[in-house]
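Asker: Would you mind keeping the following structure in view while I ask a few things?
The values are calculated or read from the model by the stated rules, or taken from the named source; none is laboratory data. Please read these numbers as outputs of a predicted model, since none were measured by experiment. Every residue, glycine as well, gets a Cβ built from its backbone with ideal geometry; the counts of neighbours run over all protein chains shown. Heavy atoms of the whole protein, side chains included, go into the accessibility calculation; ligands, DNA and RNA do not. Shrake-Rupley method; radii C 1.70, N 1.55, O 1.52, S 1.80 Å.
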Amino acid sequence: MSGLTLISFSDMFMAKEIRASNSMFSFRHICYILFTLSFSSLIIFHSWSHCYFFSPYHLRAIEEKQNQTIINLLSYPFAWNHLIFSSKPPSKLLKIALFVKKWPQGSHAGGLERHAMTLHIALAKRGHELHIFTTSPGSSIIPKSELGNLCFHFSKPTPGGYLDQALVWEQFQEQNKTGSPFDIVHTESVGLRYTRSRNVTKLAVSWHGIAYETIHSDIIQELLRSPQESKANALAERVTKVVEEVKFFPNYAHHVATSDHAGDILKRVYMIPEERVHIILNGVDEDVFRPDISVGKEFKKRHGIPDSKSLVIGLAGRLVKDKGHPLMLEALKQIMVENSTFQESSIIMVAGDGPWAARYRELGENVVVLGPLDQSELASFYNAIDLFVNPTLRAQGLDHTLIEAMLSGKPVMATRLASIVGSVIVGSEMGYTFSPTVNALKKAVYESWVDGKEVLHNKGQVARQRGLKLFTATKMVAAYERLFLCISSANNDDHFCQYQQSVN
């Protein structure tokens, strides 16, 4: 029995080995076949793809496609100036209505009026039909346009100087029935009041200052108030104004913030839905405001500014209290008393008009007050200075003078306000910022003086590059045009609200 058992186990063992050997052979055979087929397929696939579909050109195209994403412009959270829009003529021309309190008259125009003129004349030049609803000018000079597609509709202002809402609405309704209806309505601030705007869905309002921003200004003014001045109730009144704005702002369909800070406030504090708030930074004409050494030298020669001066500081704009000129005046007074070398080696040029013009003249011969300048003269002025200073105490909007100086290749110095440090002077490599106190301003002026012309020149180059990237009229106009196209066709399938963005 035991022998039979042993033989039986032996046979069984040999049978298992044969089966194992056969299994291994079968497995190896299958692997070999699979490898051969895979290798052959790889060769065929490589040859086919190289010849037909996956050439280097197609591979790059695929890679670029993978690195792009489609975004909804209405929900874009940053300034549209960062985006690149086509400079080609638009595929759709719009009939645009603009409501603005005043149209610029000469060199006395404020920032809002200049913004309105720069933007809408450019849009008319791009072929859009523009209708400007504004107050009649006080002078006998009536603005005229050489562009056949830009029309003015004047009306008598109210006693307060504002647009008479009943009159302009009647004018608007008449033009809306003439030819095709308006594709888009644009109002600069409350040119068109919310009582009318709530009836218009395809509308955008540009805010150049909102009440919440000015609370900071009111705090500064109170801190700078002299003991002789009576205490103002501005802060309490401003809070009430903010509450009023929070209530009526939703009556405007779309909101354009002219600074990153204002955009944030509209979303967080005023609680406007994000898809109705769009940030488009102000822009100025880059063909006018640009570096030109010869023009700067000629301007200095004409106004008796010697080349030997180591620092030429420029101020420009309305010379009034809320633009910070009492602060600047006091800082310059103290500097000139305590540092005779600064007084001898530096000169200050002041362009503009207002109550503080006479006070600047009292500082002596190294302060040159030029009066108001037209645009071409202002461009020459920027080219003649080493540093532009804006001591504003108004925490509103985005001051044009700063971006004009930057595009002219000049470093800038300004008050450390949210709209300025958030959008304009975002780093010390392009300029200087200071807290709104005399000592802080003096420190910044001294720092720029010690830095000298070479450092100032380098800062100016950085400032210009940022200006070209964000603050040109071309960038601003392209952004507004795309926004207007998007709003006017938001319910259609024109894709103006879509933007294809590259992803690095």
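Asker: Would it be correct to say that residue 469 is part of a helix (DSSP H, G or I), surrounded by fewer than 20 Cβ atoms within 10 Å (Cβ to Cβ) and modelled with pLDDT of 95 or more?
Answerer: yes
Asker: Oh, and also: Looking at 294, 310, 340 in this structure, which one is hydroxyl-bearing (Ser, Thr, Tyr) and either touching a residue at least 24 places away in the same chain (Cβ under 8 Å) or touching a strand residue (DSSP E or B) at 6+ places or on another chain (Cβ under 7 Å) (or both)?
Answerer: Step by step, each of 294, 310, 340 is checked, and only 310 is hydroxyl-bearing (Ser, Thr, Tyr) and either touching a residue at least 24 places away in the same chain (Cβ under 8 Å) or touching a strand residue (DSSP E or B) at 6+ places or on another chain (Cβ under 7 Å) (or both).
Asker: Quick one: how many residues across region 451-504 are closer than 13 Å to residue 386 by Cα and of a type outside the set (Lys, Arg)?
Answerer: Qualifying residue count for the region: 10.
Asker: Of the residues 450, 455, 424, 462, which is open to solvent by less than 40 Å² (accessible area, probe 1.4 Å), among the aliphatic types (A, V, I, L, M) and either in contact with a helix residue (DSSP H, G or I) (Cβ under 6 Å, 6 or more places away or on another chain) or not assigned by the TED database to the domain that holds residue 74 (or both)?
Answerer: After ruling out the rest, the residue left standing is 424.
Asker: So residue 211 clears everything in (1) open to solvent by 10 Å² or more (accessible area, probe 1.4 Å); (2) without any contact (Cβ under 8 Å) to a residue 60 or more places away in the chain except one condition, right? Which one?
Answerer: (1)
Asker: What do you reckon, is residue 231 open to solvent by 70 Å² or more (accessible area, probe 1.4 Å), basic (Lys, Arg) and in contact with a strand residue (DSSP E or B) (Cβ under 7 Å, 6 or more places away or on another chain)?
Answerer: No, not satisfied.
Asker: OK, next. May I ask you to list the residues in region 266-303 that are open to solvent by less than 30 Å² (accessible area, probe 1.4 Å) and in a loop (DSSP other than H, G, I, E, B)?
Answerer: Once the filter is applied, which keeps residues that are open to solvent by less than 30 Å² (accessible area, probe 1.4 Å) and in a loop (DSSP other than H, G, I, E, B), region 266-303 yields 270, 272, 280, 281, 282, 283, 289.
Asker: Which residues, counting only those in region 126-147, are in a loop (DSSP other than H, G, I, E, B) and modelled with pLDDT of 95 or more?
Answerer: Listed by number, the residues that qualify are 126, 127, 128.
Asker: Kindly indicate whether any position in region 444-453 is part of a helix (DSSP H, G or I), closer than 20 Å to residue 294 by Cβ and polar (S, T, N, Q).
Answerer: No.
Asker: Identify, please: which residue in region 243-265 is in a loop (DSSP other than H, G, I, E, B) and within 23 Å of residue 490 (Cβ to Cβ) and is, among those, most open to solvent (accessible area, probe 1.4 Å)?
Answerer: Only one residue fits best here, namely 253.
Asker: Name the residue that is modelled with the highest pLDDT, counting only residues in region 410-421 that are open to solvent by 10 Å² or more (accessible area, probe 1.4 Å) and in a loop (DSSP other than H, G, I, E, B).
Answerer: Step by step, filter region 410-421, then rank; the result is 410.
Asker: Please go through region 434-443 and pick out each residue that is assigned to a helix (DSSP H, G or I) and touching a residue at least 60 places away in the same chain (Cβ under 8 Å).
Answerer: Answer for region 434-443, where residues must be assigned to a helix (DSSP H, G or I) and touching a residue at least 60 places away in the same chain (Cβ under 8 Å): 438, 441, 442.
Asker: Next up: Residue 281 versus (1) touching a residue at least 12 places away in the same chain (Cβ under 8 Å); (2) over 19 Å from residue 481 (Cβ atoms): which is the lone unmet condition?
Answerer: Of the numbered conditions (1) touching a residue at least 12 places away in the same chain (Cβ under 8 Å); (2) over 19 Å from residue 481 (Cβ atoms), the odd one out for residue 281 is (2).
Asker: For a quick check of your reading: which strands (runs of 3 or more DSSP E) sit entirely within region 304-380 and have at least 3 residues that are buried (at least 22 other Cβ atoms within 10 Å of the Cβ)?
Answerer: Per the criteria, 311-318, 346-353.
Asker: Are there any pairs with C-beta distances below 6 angstrom linking a residue in region 241-256 that is of a type in the set (Phe, Trp, Tyr) to a residue that is in a helix (DSSP H, G or I) and open to solvent by 20 Å² or more (accessible area, probe 1.4 Å), with the two at least 6 apart or on different chains, and if so which?
Answerer: Taking only residues 6 or more apart or on different chains, the pairs are 248/194.
Asker: Now for a different question. Just for region 96-114: of the residues that are outside any loop (DSSP other than H, G, I, E, B) and modelled with pLDDT of 95 or more, which one is surrounded by the most Cβ atoms within 10 Å (Cβ to Cβ)?
Answerer: Only one residue tops the list, namely 99.
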